[in-house]
Amino acid sequence: MIPVVFALVLVFVVTMVMPVVLFHLLGMGVIKRGRVSSWVCLTFDDGPDPRFTPVFLDVLGEYGARATFFCLGEKVLRYPDLARRICEEGHEIGLHGFDHRHPWADPPWRVVRGISISISAVQRIAGQEPRLYRPPWGFWSLWNWFATQGLHRVLWSLPGKDWLRNATPESIVEHIAKSLKPGDVILLHDGGRYSGITVESLPGLLETFKERGLRTVTVSEMIAATDRVGTFNA
Ligand SMILES: [Zn+2]
């Protein structure tokens with residue numbers, strides 16, 4: 001009995017705990033920020049969502065800003081027009097898994113299949129080759145790490161905290177303005193129950209970037225430019 005328990009604990013540590021420590025906490029092989037002094041990245045997770053994503057796109061369009069949408073494969077399939085619109089308007093789609101189940105909650109084959117279906121959905125529907133992956137809640141396992149070989153694994157350097165119960169558009173702008181540094185990858189959401197608040201913060205955020213001379217670019221643009229100038233996450 002004891003060897004079985006020991007073996008199960010060992011498997012759990014190697015396949016679940018170690019990836020979180022190495023990739024999430026220590027940031028090994030994961031991009032959290034770029035190094036271009038006049039650029040920042042806005043990233044929006046959990047969409048596309050017909051209630052909010054169109055408004056995000058309208059506001060970004062007014063400011064001529066580009067962003068990265070970490071979409072769920074299941075929602076790309078459900079709202080193909082939105083996924084297409086994201087790409088047509090010059091933004092980037094990154095993958096955020098298939099249906100936002102916790103990466104530890106699914107068997108390996110389901111995680112791998114979900115990521116593969118999501119990649120094909122973005123290729124087929126939006127006509128864009130996905131280059132980025134951010135796991136739900138930023139949680140890694142051995143399975144989502146292996147299933148995303150060939151993609152850039154991206155987390156964030158500045159969480160917008162739009163998910164907090166007492167978040168307001170003003171609190172989001174204030175928090176980000178206080179902590180903002182050039183090269184930041186900012187985490188926000190266009191597909192959460194609170195995303196109506198997030199989108200109201202968007203004009204204030206874009207004005208803040210403008211005042212500081214920061215241009216918003218997609219994560220792939222930041223990666224390509226950072227590759228030329230030096231190390232990530234510095
Ligand atoms: Zn998410």
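Read-outs: derived from the displayed coordinates by stated rules, not from any lab. The shown structure was predicted, so the numbers you read here are calculated from the model rather than taken from an experiment. Glycine gets a Cβ as well: all are built from the backbone with ideal geometry, and neighbour counts include every protein chain shown.
Could you please tell me which pairs satisfy a Cβ distance under 7 Å, a separation of 6+ or placement on different chains, a first residue in segment 13-27 that is closer than 18 Å to D106 by Cβ, and a second residue that is surrounded by 16 or more Cβ atoms within 10 Å (Cβ to Cβ) and of a type in the set (G, A, S)? Filtered contacts from segment 13-27: T15/S141; M16/S141; P19/S141; H24/G138.
Within the span defined as segment 39-60, one or more residues are of a type in the set (V, I, T), out of contact with any Gly (no Cβ under 6 Å at 6 or more places or on another chain) and assigned to a helix (DSSP H, G or I). Among the residues in segment 103-114, are any out of contact with any helix residue (DSSP H, G or I) (no Cβ under 6 Å at 6 or more places or on another chain) and in contact (Cβ under 8 Å) with a residue 40 or more places away in the chain? Yes: segment 103-114 contains one or more residues that are out of contact with any helix residue (DSSP H, G or I) (no Cβ under 6 Å at 6 or more places or on another chain) and in contact (Cβ under 8 Å) with a residue 40 or more places away in the chain.
Could you look through segment 126-158, keep only residues that are away from the ligand (no atom under 16 Å from the Cβ), in a loop (DSSP other than H, G, I, E, B) and small (G, A, S), and pick out the one that is nearest to S195 (Cα to Cα)? Ranking the qualifying residues of segment 126-158, first place goes to S157. Checking K178, K161 one by one, the residue that is part of a helix (DSSP H, G or I), out of contact with any Gly (no Cβ under 7 Å at 6 or more places or on another chain) and either without any contact (Cβ under 8 Å) to a residue 24 or more places away in the chain or within 16 Å of the ligand (Cβ to nearest atom) (or both) is K178 and no other. Listed by first and then second residue, the pairs linking a residue in segment 116-141 that is among the basic types (K, R) to a residue that is assigned to a loop (DSSP other than H, G, I, E, B), with Cβ atoms under 7 Å apart and 6 or more places separating them unless they lie on different chains, are R131/L151; R134/H96; R134/L155.
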